[in-house]
Amino acid sequence: MSRVFPFLRPPSDVVSVGPWSRLTPDGAEPLTDTLPDWDYSTTLALHRAGSVDGLRLRRLSGLPIGATLDVSVQWFASNSALRGRAWRIGLPAEDGFETNIDFRLPGDDLGGHLELITSVILRASAPGASPAAATRPGSVLWSDRHRLKLEADNTLFPIATADFHDLPYPTGAAWYLHIDEDLESAALGSILLLLNERHAVVMRAVEAASAPTEADRRVLSALRTDVMRVLLDKALTLDDLNDHVEYPIGSLGAVLLNVARIAFPAFSLEALRRERQTAPALFSSRVQDASQLLVEP
Amino acid sequence: MFDLEIAQLLHQRCGLVAGEAAVRSIWAFIALVLLPDVSYWRYPRPPGDRVLGTDITRHVWGRLWWRAHLLALPQRFEPYRLLDTFGEAAFDQIFARRRSIGGSRVLIRTLADIWPSIDRSGAPERDVLVDVLKRLSRWGAVVDFEALDQNELRRQVQDAADEAVAVLRAQSQIAGPRHADA
């Protein structure tokens, strides 16, 4: 159902906008309809170019040249139901006004579907306006919506950052994977990957995980391999973990068993325990292979 | 007072972002697994939505986090000074309109900021608030509040309040003689 506005609005061709792009350290790429790599720590850097006939738009909206207008971008997140302003620029009374929309959108308030609404807004009218023209500041004279899905339905790995100086871990370490021992408890509450805020290389790589540089990719690969290694170590050193037991869905026991089965589908837990004990170097190489350490994407 | 202090504490210390705080099962976990004793002390024999998280606007803890999140000011000094502007029932009116105006933090903060200075001319606070929210929701269909600066936004909210008070006063004058006749 189209919305009926109680004031004059110009035809849609007074504004022409290009497609949205996502800026990454390696350049710009088209903004896709789904961003499966997005999470709450991701800051989206977005861009689109546009051209606005500021004079024609005023005339066809019944507004005088002296009316103050803006081009702005508003975001709306479906799961938090929050909205906010991402970007804004004044629109001069000239046709063919070229503008580059550029902004960064932190992930804190986002989630679910993200709508990006590009609008031309009346900020202040001026004497000489048509009686049918918009008068209320904020009136939307033109708008365009783009909707995208931000996250995959997969559960995110529990990650937190901390200064290791304040924790009982080595101050220079890059990360620490905490795993509890209650196999029946929820895995999401039993596992926590702590990243050391003092470790600039790792922090940079994790913050850029949605659009990593080549160097970041290597760091993230090392991190993935080590997380898998620590999870497997835990699985193999917990004597109570048994691959014939049905652990509750989402429990630590179920997750540890899954990691072992996905990494080494041909091995039983007992065989893995034996190899880790008798040939630790070979076992370590197997983990590198299973986690594809430093393999090109 | 308890609710206001807890709202601030939850918002400052839980480490949740809004996307996570919108997940209802998180609040069910906090109410029923982490703090069942406090939840049932706060609401003895609570209806399900107070603890299960079926409706965050009613949840014993979830609604407090959201109250703090919507009203917290982006400043270091007294960021939570607007928390006590509205009573629980009044804030429920705002939060229940999450999809229309309740999602606009700048609008909610502005409303809370000028609310104490609005001259209601004797009209009941709740009636004025409901009428103001209806007006802002209606304007919000064709107006982008987020595009406005603070002063412009204050004027819009003040306009809505002035109109609401005028209408309510007129209604009470019409209703008065009828009641007298009865």
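The values are calculated or read from the model by the stated rules, or taken from the named source; none is laboratory data. Please read these numbers as outputs of a predicted model, since none were measured by experiment. Cβ sites come from the backbone with ideal geometry, for glycine too, and all protein chains shown count toward neighbours. Protein only, heavy atoms only, side chains kept; ligands, DNA and RNA dropped before computing areas. Shrake-Rupley method; radii C 1.70, N 1.55, O 1.52, S 1.80 Å.
Structure data summary
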| item | result |
| --- | --- |
| Chain B, dipole about Cα centre (Lys/Arg Cβ +1, Asp/Glu Cβ -1), debye to the nearest 20 | 400 debye |
| Formal net charge of residues neighbouring A:Arg88 (Cβ-Cβ distance under 11 Å; K, R +1; D, E -1) | -2 |
| Area hidden from solvent between A and B (accessible, protein heavy atoms only, 1.4 Å, total, Å²) | 2300 Å² |
| Dipole magnitude of the range A:12-149, debye to nearest 20 (Cβ charges: Lys/Arg +1, Asp/Glu -1, about Cα centre) | 580 debye |
| Share of carbon and sulfur in the accessible heavy-atom surface of the range B:1-84 [1.4 Å probe, %] | 58 percent |
| Accessible-area composition of chain A, carbon plus sulfur, in percent [1.4 Å probe] | 53 percent |
| Computed FRET value (nearest 0.05) for A:His47 with A:Ser16, which takes r as the C-beta separation and R₀ as 22 Å | 0.90 |
| Full-extension gain in nm, A:Arg198 to A:Asp144, via 0.36 nm per residue minus C-alpha separation | 15.2 nm |
| Relative contact order computed over the range A:12-149 (Cα-Cα under 8 Å; 6+ residues apart), in percent | 28 percent |
| R0 of 56 Å, Cβ-Cβ distance A:Ser285-A:Phe103: FRET efficiency to nearest 0.05 | 0.75 |
| Sequence-separation-based contact order of chain A, relative, with Cα cut under 8 Å and 6+ spacing, percent | 15 percent |
| Rounded to the nearest 20 debye, dipole of the range A:233-297 from Cβ charges on Lys, Arg, Asp, Glu | 100 debye |
| For the range A:1-115, accessible area per residue (1.4 Å probe, heavy atoms of protein chains only), Å² | 46 Å² |
| Protection-proxy order for peptides B:32-43, B:137-148, A:87-98, each taking the mean of Cβ atoms within 10 Å per residue, highest first | B:137-148, A:87-98, B:32-43 |
| 1.4 Å probe, heavy atoms, protein only - residues of the range A:37-65 losing at least 40 Å² accessible area vs chain alone | A:Tyr40 |
| 10 Å binning of all Cα-Cα separations within the protein assembly as shown, expressed as whole percents from 0 upward | 4, 15, 22, 23, 17, 11, 6, 2, 1, 0 |
| Positive-pole candidate from B:Trp27, B:Ile118, B:Phe86, dipole of the range B:15-150, charges at beta carbon | B:Trp27 |
| With Cα atoms, 0 to 90° folded angle of helix B:2-13 axis to chain B main axis | 60 degrees |
| Computed helical MRE - 222 nm, chain A, DSSP H runs ≥ 4 contributing -39500 (n - 2.57), nearest 500 | -7500 deg cm²/dmol |
| Using a Förster distance of 41 Å, the FRET efficiency for B:Ser121-B:Gln12 (Cβ separation, nearest 0.05) | 0.60 |
| Nitroxide proxy distance, nm - points 7 Å out along Cα→Cβ at B:Leu73 and A:Ile262 | 4.7 nm |
| Separation in nanometres of the label points that stand 7 Å from Cα toward Cβ, at B:Ala166 and A:Thr34 | 5.2 nm |
| Neighbourhood charge, 10 Å Cβ-Cβ cut-off, centred on B:Asp55 and excluding it, Lys, Arg +1 and Asp, Glu -1 | +3 |
